[in-house]
Structure formats: C-alpha cells, structure tokens
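Below is one structure, written out as structure tokens; the observations come after it.
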Amino acid sequence: MAGLAEPLTLGEGHELVISPSMGAAQFPLHDTDAAGLLRKADSAMYAAKAQGKNRLQIYEPSIDQDSLRRVRLLSQLRVDAERSAFTFEAQPKVDREGKVTGAELLVRWTTREFGAISPVEFIPLAEQSGAIELLGRQALLCAGRLAQDIAAKGLRLHIAVNLSPRQLHNMAFERMALHACERFGIKPAQLELELTESALADASVLPLLRRLRNHGFTLALDDFGTGYSSLSYLLKQPVQKVKIDRAFVRDITSDNAASEVIKGTLQICRGLGLKTVAEGVETWAQFEMLRDLGVDEFQGYLFARPMPIDQWLAQLAGEGPTD
C-alpha cells in the first residue's frame, strides 16, 4: 500500500496517485485451497471498499454474511422499486415562530426477509443498481400528490424531495419534474428539490439546475458543511436554501467551533439572499440559539419525528388556511 501511494509521474508534469483497496485471507486459518482463499480475499477487498477504500481488510466470517445480505437486498431492491413497494413519510419543518412551513419526504423500505432497512444502507444500493431513478420518480409523484392535497386544504406549504446525482444526469428528469406538477395541478414553487454537495460539485449539471430554478422549483443544498463545499462555493450555485447539517446543530450549545461555523454560514447566506434551515434540532436550547443567530427554518425531533403522510395531513386539518 505504501508503494502504491507513491505518486506516478506521467507526461507533461502530471502525477497519478493510486488509493488501493486490499483484501487478505490467511492459509490455513480462513481456507485450505487456493480457490477458497482467493474468494474470501475478494470478499474482504469489497468490504474494504465499503468502509471507505484505501485500506486493507483481513477476511472475517461476518464478511460473507454481509456480502450475502447485500446480494439479497440488491435483488429485492430492484423488484420492490418496480412494484412501487417503497413508502414515504413526512417530517415537518417550522419557522422561527414554530409555524409549519412544509415537510421533507423520506423514503422507507421494509422487506420480508430483513424487516425495516435503514436509508443509510439501501440508498447507496439504490444508487449502485440504478433503482434510485425509480425511487426518485415515485418521490416526485408522491410529493406532487401531497402538495395537491395540502393546497386543497387552503394551505401554502412546500414539500421537499431528495435528489441523487444520478437523477440529475437523466436527460428526462426535467420533463419528469414538470410532468409531476402538471399531473397534480400544482406550481413548481410548491416543491423543493434537495441536492447533495457532491451533486453540485459536478459542473455539468449546472445548466439543468438553472432551468429548474427558472421553472420555479426551489433548490436546496442539503447537509451543508459535510462534503465538498466551502462558504465561497455558494457563490457559484443556483440554490435558494442551505440546510445546515445536524452535526453542527448537535454541537452548537457545547462546541464553540460548531457555533462559529454556523455563524459564518448564516452571514454568507444572508449576504447572498439565501434562506437557511437547521436539521436535527432536538432541544429547546439548540432551537433558541439557532433562532437568535438568524436561522429561518427548523427541522428535527423537537418539533416532529417522521410520520405517515396521512397522519401529517390529519394534523394539518385543524390548522386552517394560511398565507
């Protein structure tokens, strides 16, 4: 690994650095024949990749179990995506006065074999298999239907859906998003499209994002501060909202560095005319500090956990029309 980490000098002054993922199996501890050892070393290598790459993983029996689970989940994922077997929950967002401003749609998956699967586990699998595009389409349609139901109650709330980098490279996505609005008789402004920093780091998607914004969709940068971005990075993006990652929100009352990061983010966002949302708010102390700093919207267990859509609609029923 140390040898491969040495830069390779190419022509015209360019250098290439290789970051290896390695798996190892030991004779006779892990197997007693070459084919078995290679198979288990191969499983260990994929485990090394799954843990962040650029590392060595020694084979363990649990790796085979994890690999089998992954294969079975991948197989079921595509089938369930095609059958629209995934469900969605809503997690409300509130303003500085605690008034509901909208909700984020969160996808849920429950399998017969393994039960409920965390999005942390199945979203990367959906990206890998391509099923994320089916999930994305279902999320858009669900958001459109929900926005229609909310508008029928006389409420003006926004529904947010998460977009993956893969969706943004689908040439049909723009038409798909507009079709969802037309189908349910809603305006693009009623939908928020949440994007990751890695998606925005790809300059090739910027023309699409600008067109989506011109159509009236709200673009939000999700989990700000955990990926590729810096505060100056916001200057280049067509986003209208920035969601401050829960890691900073969690530590804001105990870590001065987290507080300073949020202060700096808010100052830049105000200067650019961007709204801010704090994710993962769980205590009143966090909420009050964030509100005093000037955050516009809040989302977290302090206000509401993710809930079935029908349950959220029932809660909204008593609120009446709002501007």
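The values are calculated or read from the model by the stated rules, or taken from the named source; none is laboratory data. Since the model is a prediction, treat every value here as computed from it, not as a measurement. Cβ sites come from the backbone with ideal geometry, for glycine too, and all protein chains shown count toward neighbours. With ligands, DNA and RNA removed, areas are computed over all heavy atoms of the protein, side chains included. Shrake-Rupley method; radii C 1.70, N 1.55, O 1.52, S 1.80 Å.
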**Request:** Please identify the pairs in which a residue from segment 299-312 that is closer than 19 Å to ASP222 by Cβ has its Cβ atom under 7 Å from the Cβ atom of a residue that is among the charged types (D, E, K, R) and open to solvent by less than 90 Å² (accessible area, probe 1.4 Å), counting only partners at least 6 apart or on another chain.
**Result:** GLN299/LYS93; GLN299/GLU104; GLN299/GLU279; GLY300/GLU279; PRO306/GLU89
**Request:** Spot the failing condition for LYS99; the list is (1) surrounded by 14 or more Cβ atoms within 10 Å (Cβ to Cβ); (2) under 30 Å from ARG156 (Cα atoms), and only one is missed.
**Result:** (1)
**Asked** Of all the strands (runs of 3 or more DSSP E) wholly in segment 3-114, which have at least 3 residues that are closer than 30 Å to SER164 by Cβ?
**Response** 87-94, 100-111
**Item:** segment 243-271, subset among the hydrophobic types (A, V, I, L, M, F, W, C) and without any contact (Cβ under 8 Å) to a residue 12 or more places away in the chain, residue farthest from GLU197 (Cα to Cα)
**Value:** ALA257
**Request:** Give me the pairs, please: first residue somewhere in segment 27-41 and under 15 Å from GLN57 (Cβ atoms), second residue anywhere and open to solvent by 40 Å² or more (accessible area, probe 1.4 Å) and polar (S, T, N, Q), beta-carbon distance under 9 Å, and either six or more positions apart or on two chains.
**Result:** LEU37/GLN26
**Message:** Can you report the number of residues in segment 31-76 which are exposed (fewer than 14 other Cβ atoms within 10 Å of the Cβ), among the small types (Gly, Ala, Ser) and farther than 20 Å from VAL120 by Cβ?
**Reply:** 3
**Complete:** Of the residues in segment 188-222, those that are surrounded by fewer than 21 Cβ atoms within 10 Å (Cβ to Cβ) and outside any helix (DSSP H, G or I) come to THR196, ALA201, ASP202, GLY216, THR218, LEU219
**Message:** If LEU134 satisfies all but one of (1) open to solvent by 10 Å² or more (accessible area, probe 1.4 Å); (2) part of a strand (DSSP E or B), what's the number of the condition it fails?
**Reply:** (2)
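Suppose we filter LEU178, LEU155 for residues that are out of contact with any His (no Cβ under 6 Å at 6 or more places or on another chain), among the hydrophobic types (A, V, I, L, M, F, W, C), more than 30 Å from ASP66 (Cα to Cα) and part of a loop (DSSP other than H, G, I, E, B); which single one remains?
Answer to the check: LEU155.
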